[in-house]
Amino acid sequence: MLASITLLLVCQLIGEILVRLTGLLVPGPVIGMLLLFMMLLIRKGVPAPLQATAAGILDHLSLLFVPAGVGVIVHLPLIAAEWPAIAASIIASTVLTMIVTAKVMTWLSRHVAGVQTDGRQ
């Protein structure tokens, strides 16, 4: 388990270093996650200890939302002052996500091998 957590943290650290060196506009943990994903693709599977560690972290994922909740409470006056912009961005991003998802699904249903546009195979 310690080796798996170390691997996860090293991937995150490498991602942070790459972001700081290159000035990328993507968070370091996202780069680290992509690096981990590429390593797992090259390895063609997830090692059992890493899978067990990831499952343990996911079992307690709700605890990771506590700091975010505290941040919301701490910045409640700012949120109250900016609520129209926040509400508009939430609505716009939700609608945009639904449109993009529908377009991707439509495109995939037409271009996946063996599937015709009328639903027959």
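Quick look at the values:
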| item | result |
| --- | --- |
| Filter result for the condition that a residue is on the phi < 0 side of the Ramachandran plot and either touching an Asp or Glu at 6+ places or on another chain (Cβ under 6 Å) or surrounded by 15 or more Cβ atoms within 10 Å (Cβ to Cβ) (or both), over 31, 17 | 31 |
| Qualifying position, being in a helix (DSSP H, G or I), free of Cβ contacts under 8 Å to residues at least 24 places away in the same chain and in the same structural domain as residue 10 (by TED's automatic domain parsing), among 77, 29, 49, 84 | 29 |
| Residues of the range 1-26 that turn out to be among the hydrophobic types (A, V, I, L, M, F, W, C) and part of a loop (DSSP other than H, G, I, E, B), as a count | 4 |
| Test set (1) of a type in the set (A, V, I, L, M, F, W, C); (2) surrounded by fewer than 10 Cβ atoms within 10 Å (Cβ to Cβ); (3) modelled with pLDDT of 95 or more - residue 90 fails condition number | (2) |
| Residues that are over 25 Å from residue 18 (Cα atoms), surrounded by 10 or more Cβ atoms within 10 Å (Cβ to Cβ) and among the small types (Gly, Ala, Ser), drawn from the range 46-56 | 52, 56 |
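The values are calculated or read from the model by the stated rules, or taken from the named source; none is laboratory data. Quantities reported herein were computed from a predicted structural model and do not represent experimental measurements. Backbone-built Cβ (ideal geometry, glycine too); neighbour counts: all protein chains shown.
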